[in-house]
Amino acid sequence: MIVAFVSGSFQTGRSTIAANLANYLRKTISVTLLDSDIEQLESSILLPPIWSKESEITVLSPIHDLDACQHCLSCITKCQSSVFKDYKDKIILLTELCSHCGDCVDFCKGHAVKLQKLTIGTIHKASYNNLTVLEVRLNDSAVKANSLFYHTKSYLDPLDVTLVDAAPYISDYACCSTMGADYFVVVTGDNELHFKQLKRTLNFFNNFKKPYGVLVNLSESENNQTAEYCKNNNIPLLGVLPFDKKLESGEIPRHQLVESPRWHELFASLWEKIQEELSQ
Ligand code: SF4
Ligand code: SF4
């Protein structure tokens with residue numbers, strides 16, 4: 001089962017919540033925490049793990065031999081990702097659009113297209129006590145986040161509960177970074193800007209037809225405008241987590257939040273609520 005933690009903006013505490021829930025769950029079930037927020041990887045900082053494995057993710061990318069090209073234009077009609085363009089009577093390739101199906105080698109009768117291996121990123125595996133931590137790292141030289149996430153899914157154990165710390169819903173690849181989760185926890189803060197961004201994110205989820213619930217974080221009060229909004233719009237509210245001065249000042253390390261009795265109870269109730277929602 002995959003549960004993705006998403007947010008419509010930065011500074012909502014999404015990574016802290018996902019890491020601490022994983023830390024809470026590892027004591028009773030087999031759990032993986034996957035960090036796919038490639039622009040701001042935080043899980044391994046939050047839960048200093050022991051690294052054990054690194055796997056390169058490689059795809060096949062086309063290269064074009066202009067001298068061999070017969071300018072038959074068949075690639076322009078047949079490539080479903082519109083990689084080939086006819087520019088000033090010459091074929092050029094926009095390889096960043098390629099979905100790596102490999103079909104161009106067959107349909108290019110002039111044998112002007114070859115495929116070369118391209119490493120788009122790496123999956124790093126680590127453990128923190130009984131918890132498996134996976135981190136997705138994109139190779140800077142490749143604009144290939146969606147392909148990287150597509151390959152990442154095969155590294156997940158289907159018998160585990162996987163919590164995904166996904167990219168915020170302002171990134172082009174946010175949707176793919178959730179690994180096609182079974183359930184979405186939309187984490188939001190409690191100020192005006194967060195509320196505005198949350199409404200935008202929920203509009204997207206309402207068309208998405210996947211189950212989700214809202215978790216309000218860093219809140220000064222149980223009765224906040226987001227909780228009220230969820231109630232009035234029949235949106236499942238998974239909980240309201242308080243703004244914690246000790247956490248803010250660093251008195252409680254971020255990854256050990258769940259060790260305090262008050263937070264332990266809050267994470268237990270959050271997991272119960274998620275399971276309740278999933279069983280409906
Ligand atoms: S299919 Fe091959 S030969 Fe034909 S235009 Fe495209 S690259 Fe050139
Ligand atoms: S590998 Fe597939 S998507 Fe990529 S250029 Fe060739 S036909 Fe198009």
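Here are the numbers:
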item	result
Single residue of Q70, Q40, Q11 found to be out of contact with any Phe, Trp or Tyr (no Cβ under 7 Å at 6 or more places or on another chain), open to solvent by 60 Å² or more (accessible area, probe 1.4 Å), more than 23 Å from Q197 (Cβ to Cβ) and assigned to a loop (DSSP other than H, G, I, E, B)	Q70
Flag for I92 being out of contact with any His (no Cβ under 6 Å at 6 or more places or on another chain) and near ligand 1 (Cβ under 8 Å from one of its atoms)	no
Among the candidates L93, L163, residue that is within 16 Å of ligand 2 (Cβ to nearest atom) and open to solvent by less than 50 Å² (accessible area, probe 1.4 Å)	L93
Residue identified as surrounded by 17 or more Cβ atoms within 10 Å (Cβ to Cβ) and assigned to a strand (DSSP E or B) among H194, H124, H151	H124
E56 being away from ligand 2 (no atom under 16 Å from the Cβ), within 30 Å of L115 (Cβ to Cβ) and within 22 Å of the chain's Cα centre (by Cα)	yes
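Condition check ((1) of a type in the set (S, T, N, Q); (2) within 16 Å of ligand 1 (Cβ to nearest atom); (3) modelled with pLDDT of 90 or more; (4) touching a strand residue (DSSP E or B) at 6+ places or on another chain (Cβ under 9 Å)) across all residues:
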| site | (1), (2), (3), (4) |
| --- | --- |
| V83 | no, yes, yes, yes |
| C104 | no, yes, yes, yes |
| T122 | yes, no, yes, yes |
| S154 | yes, no, yes, no |
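The values are calculated or read from the model by the stated rules, or taken from the named source; none is laboratory data. Small disclaimer: the values here were computed from a predicted structure and weren't measured. Please note: Cβ atoms are built from the backbone with ideal geometry, for glycine as well, and neighbour counts cover all protein chains shown. Only protein heavy atoms, including side chains, enter the accessible area calculation; ligands, DNA and RNA are left aside. Shrake-Rupley method; radii C 1.70, N 1.55, O 1.52, S 1.80 Å.
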